[in-house]
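Starting off with a structure, shown below.
The values are calculated or read from the model by the stated rules, or taken from the named source; none is laboratory data. Computed from a prediction, not measured in an experiment: that's the story for all the values here. A quick note on method: Cβ atoms are made from the backbone with ideal geometry, for glycine too, and the neighbour counts reach across all protein chains shown. We work out accessible area using only protein heavy atoms, side chains counted, and drop any ligands, DNA or RNA first. Shrake-Rupley method; radii C 1.70, N 1.55, O 1.52, S 1.80 Å.
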Amino acid sequence: MSDFIIVGAGAIGMLTALALRQRGYAVTLIDRQQAGRESSWAGGGILSPLYPWRYADSVTALAQRSQQLYPALVAALTDATGIDPEHVPSGLLMLDGAGEDDPLAWGRRTGVDIQSVDAAMVASIQPGLAGMDAPAWWMPEMAQIRNPRLLRALRAAMDVHGVEVVEGAAVERLEVAHGRVEGVRLAGKRLASDAVILAAGAWSAGLLGDSFAPPRIEPVRGQMLILNAPGSGIERIVMRAGRYLIPRLGGRILVGSTVELAGFEKRTTAEARDELHQFAIELAPALAHASIEHHWAGLRPGVPAGVPYIGAHPGIEGLFLHAGHFRNGLVMGPASTELLVQLIEGETPRLDAAPYAFDAPRPGGLR
Ligand SMILES: Cc1cc2nc3c(=O)[nH]c(=O)nc-3n(C[C@H](O)[C@H](O)[C@H](O)COP(=O)(O)OP(=O)(O)OC[C@H]3O[C@@H](n4cnc5c(N)ncnc54)[C@H](O)[C@@H]3O)c2cc1C
């Protein structure tokens, strides 16, 4: 019998499995399909919240801690698996978004390097942009991760470190008796464990069902494009009006992303494709000749205020939640994993765990 069953092998489930295995636990990780094919694959891999000053301090705290953890995580994964997740310090340039807020005051308070830049500075940071509205905001230290490669590296690390991975098998329900988790039901059979971690992204609330007070997690669709654009000159992550360009090594540019409430409907739409394509060309006219290589959609695990659930379920002994990372699962993942493992081990956590508790207030809407 495993010490832990983890339901869901996205970035969050695999990071959790790896961390627990490295602490010596026997871990079984289950996904209903191939590992790493849902939101964690669909995402952009920007390792910062977008317009980060708009977020709660609890989101900033996880992002900042992850930003510290990423270089060593990437080095260890590359070393163990031979797959480099391409952690690239592209910087993040936001051409709008301050509104009533004061990003510089936020930067001073949190210690994040954020600078106000004028049009001439924007042109030197990232030449070739059109129609910029001053002031813009520049975060030179922000990086990106190539998330499909991160997932491949994590999946390979499961084998290297001895995590048991069950793919292509949906967990039908949790097995709970007398207020304790006893395992999960898988293909009609019980798989027993005294500890279960729910890391099923947008599908997490459904697995708890109404009887166990489900967390407030709901799917929020995001559509993205990838352009084949060698020689475009785009080398920074650039944002305007909630949309962004992410330059990958090798000349491809990701264009994202929509934020849509469409239930569990993961299809793409022609409207979104045209709108994202138009955005890219208006922002960087050199992209007019780039071809669209691929267009896809993913379902983010949306939660109010973007604050994930990390920790024990209050009503079911042995059940832990690690879900609801919404728009920032790739950036928050390493730190939220560290926090969950510290809570499981009974250690004093490095970050205050209260904001991520099951019944903590999460004021505000989906963001
Ligand atoms: C378009 C888009 C852009 C994004 N951009 C960024 C970004 O730039 N930076 C960032 O930090 N984040 C970004 N995100 C958000 C990020 O991708 C998510 O927060 C993160 O991937 C959530 O990870 P997860 O492991 O919880 O969920 P998922 O990756 O969705 O994994 C959940 C897993 O659970 C499995 N599962 C579900 N039900 C069951 C079941 N019954 N039994 C077994 N397995 C089950 C699924 O198959 C899936 O593999 C973006 C997301 C999207 C869609």
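Using only the Cα atoms of region 120-170, each taken as one equal point scatterer with no solvent, compute I(q) by the Debye sum, divide by I(0), and report log10 of the ratio at q = 0.16, 0.25, 0.28 Å⁻¹.
The Cα Debye sum returns log10 ratios of -0.66, -1.04, -1.09.
What ³J(HN,Hα) values, in whole Hz, does the Karplus curve 6.51 cos²θ - 1.76 cosθ + 1.60 give for region 182-193 when θ = phi - 60°, with x put for Gly and Pro?
10, x, 9, 9, 9, 6, x, 10, 7, 10, 8, 6
Of the residues GLY36, GLY24, GLY183, which exhibits the maximal mean-square fluctuation in a Gaussian network model of the chain defined by a 10 Å Cα contact cut-off?
Comparing GLY36, GLY24, GLY183 in the GNM, the peak value goes to GLY24.
Residues with amide H under 5 Å of VAL117's amide H, sequence separation 5 or more or different chain, H placed in the peptide plane at 1.01 Å from N; which?
Answer set, sorted by chain and number: ALA136, TRP137, TRP138.
What figure in square angstrom, to the nearest 10, would you give for the accessible area of LYS189 with a 1.4 Å probe?
Solvent-accessible area, nearest 10 Å²: 150 Å².
What accessible area per residue comes out for region 226-315, rounded to a whole number of Å², with a 1.4 Å probe?
41 Å²
Length gain on complete extension for the stretch ARG109 to VAL259, per 0.36 nm per residue less the alpha carbon to alpha carbon distance?
Taking ARG109 through VAL259 to full extension adds about 51.1 nm, to one decimal.
Now a separate question. Does anyone have the angle between helix 147-161 and the longest principal axis of the chain? Alpha-carbon axes, 0 to 90°, nearest 10?
Helix 147-161 sits at roughly 30 degrees to that axis.
D for region 198-331, whole µm²/s, Stokes-Einstein with Kirkwood Rh over alpha-carbon pairs at 20 °C and 1.002 mPa s: what number?
Stokes-Einstein gives a translational diffusion coefficient of 131 µm²/s.
Taking amide H atoms as placed 1.01 Å from N in the peptide plane, list the residues 5 or more away in sequence, or in a different chain, whose amide H sits under 5 Å from that of GLU317.
HN-HN under 5 Å from GLU317: ARG180, VAL181.
Ok, one more. Under Stokes-Einstein, with the Kirkwood radius over Cα pairs standing in for Rh, what whole-number D in µm²/s applies to region 66-165 at 10 °C and 1.306 mPa s?
For these conditions, the coefficient is 100 µm²/s.
Work out, step by step, the length gained on full extension between LEU249 and ALA156: first 0.36 nm times the residue separation, then minus their alpha carbon distance; give nm to one decimal.
So the chain would gain 31.3 nm between LEU249 and ALA156.
Over the heavy atoms of TRP106, what accessible area does a 1.4 Å probe trace out, to the nearest 10 Å²?
Its accessible surface works out to 20 Å², give or take rounding.
So what is the diffusion coefficient of the chain in µm² per second by Stokes-Einstein at 4 °C and 1.567 mPa s, using a Kirkwood Rh over Cα pairs?
Stokes-Einstein gives a translational diffusion coefficient of 62 µm²/s.
Per-residue HN-Hα couplings for region 354-364, Karplus 6.51 cos²θ - 1.76 cosθ + 1.60 at θ = phi - 60°, whole Hz, x for Gly and Pro?
For region 354-364, the Karplus curve yields 4, x, 9, 5, 3, 9, 5, x, 10, x, x Hz.
Now a separate question. If packing is taken as the mean number of other Cβ atoms within 10 Å per residue, what is the order of 168-174, 222-228, highest first?
Result, highest mean Cβ count within 10 Å first: 222-228, 168-174.
Separate question: With a 1.4 Å probe and every protein chain kept in, tell me what percent of the accessible surface of the chain is carbon plus sulfur.
Ligands and nucleic acids excluded, carbon and sulfur give 50 percent.
Still on this structure, please answer the following. How high is the FRET efficiency between SER124 and ASP274 when r is their beta carbon distance and R₀ equals 25 Å, given to the nearest 0.05?
Computed FRET efficiency for SER124 and ASP274: 0.20.
Over region 267-361, what per residue volume does the convex hull of the Cα atoms give, in whole Å³?
Cα-based convex hull of region 267-361, divided per residue, equals 157 Å³.
In what sequence, largest accessible area first, do SER2, SER336 appear using a 1.4 Å probe?
SER2, SER336
Can you pull the one-decimal nm distance between simple spin-label points at GLU164 and ILE292, each 7 Å off the Cα toward Cβ?
With each label placed 7 Å out from Cα toward Cβ, I get 4.5 nm.
Another one. Return the Cα extents of region 35-122 along principal axes one, two and three, sorted largest first, each rounded to a whole Å.
Projected onto the principal axes, the Cα atoms of region 35-122 cover 45, 32, 25 Å.
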